[in-house]
Amino acid sequence: MDDIAAAVGVGKGTLFRRFGDRAGLIAAVIASRDEPLKQAVRDATGSSPRQRVLDLLDAALRFKIENRHLMSAAEDAGLSSPYEAGHYGWWHETLRAALDDVPGVHVADFTAHALLAAIRADLVAYLIDDQGMTAEELRSSLAAHVEAVLGDGPKG
């Protein structure tokens, strides 16, 4: 917090009054970064339900890759349960709604949670930073996993 306050030219107390604590500051940074992505997702049209699921997860994964240290810091800062965070709720509901329209998906709510678990920040950071997986390899692996979960339904 000291470094951030110095970088923006304010006192540490100003940061605490505005954001409450480190977790509040991290949450505000995440919200500012993911809102343009959410708007792009809301504006997307024209794809099949199955493709929409793939596109949603790929967009979320790209965000996690690009912001993996911030997202990991959010998990480490104790922003309550990750499942109670506002951004998680939005992604889960958006993905669940898309899964509702995919033939063969029987429990869209659970499936959305399970698919989002595959792109947790700690896992993304581990695979890229510790295991040396490239972003493209991770995106390709996720797409193959989603295809396996969704089964052999219509691909169009």
How large is the Kirkwood hydrodynamic radius of the range 14-53, in angstrom, based on all distinct alpha carbon pairs? 12.3 Å
In whole Hz, with x marking every Gly and Pro, tabulate ³J(HN,Hα) for the range 9-26 from phi via Karplus 6.51 cos²θ - 1.76 cosθ + 1.60, θ = phi - 60°. x, 10, x, 4, x, 4, 4, 5, 5, 6, 10, x, 7, 4, 4, x, 5, 4
Connecting C-alpha atoms closer than 10 Å in a GNM of the chain, tell me which of R96, R139, R18 has the biggest fluctuation. R18
In the chain, taking the dipole from +1 charges on Lys and Arg beta carbons and -1 charges on Asp and Glu beta carbons about the Cα centre, the listed residue (V10, G24, G89) farthest towards the positive end is V10
The chain, helix-only ellipticity at 222 nm - DSSP H runs n ≥ 4, -39,500 (n - 2.57), divided by all residues, nearest 500: -22000 deg cm²/dmol
What's the angle, to the nearest 10 degrees (0 to 90), between helix 108-117's Cα axis and the longest principal axis of the chain? 50 degrees
Express the accessible area of the chain per residue in Å², computed with a 1.4 Å probe while the remaining protein chains stay in the model. 55 Å²
Can you pull the three principal axis extents for the Cα set of the range 94-156, in Å, largest first? 37, 21, 15
On the accessible surface of the chain, probed at 1.4 Å, how many percent belong to carbon and sulfur atoms? 54 percent
Only four residue types carry charge here, +1 at the Cβ of Lys and Arg and -1 at the Cβ of Asp and Glu. Report the dipole size of the range 1-47 about the Cα centre in Debye, rounded to the nearest 20. 120 debye
Rh (Kirkwood; distinct C-alpha pairs) - the chain, Å: 16.9 Å
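The values are calculated or read from the model by the stated rules, or taken from the named source; none is laboratory data. Since the model is a prediction, treat every value here as computed from it, not as a measurement. We place every Cβ from the backbone using ideal geometry, glycine too, and count neighbours over all the protein chains shown. Quick note on the areas: whole protein, heavy atoms, side chains included, nothing else; ligands and nucleic acids left out. Shrake-Rupley method; radii C 1.70, N 1.55, O 1.52, S 1.80 Å.
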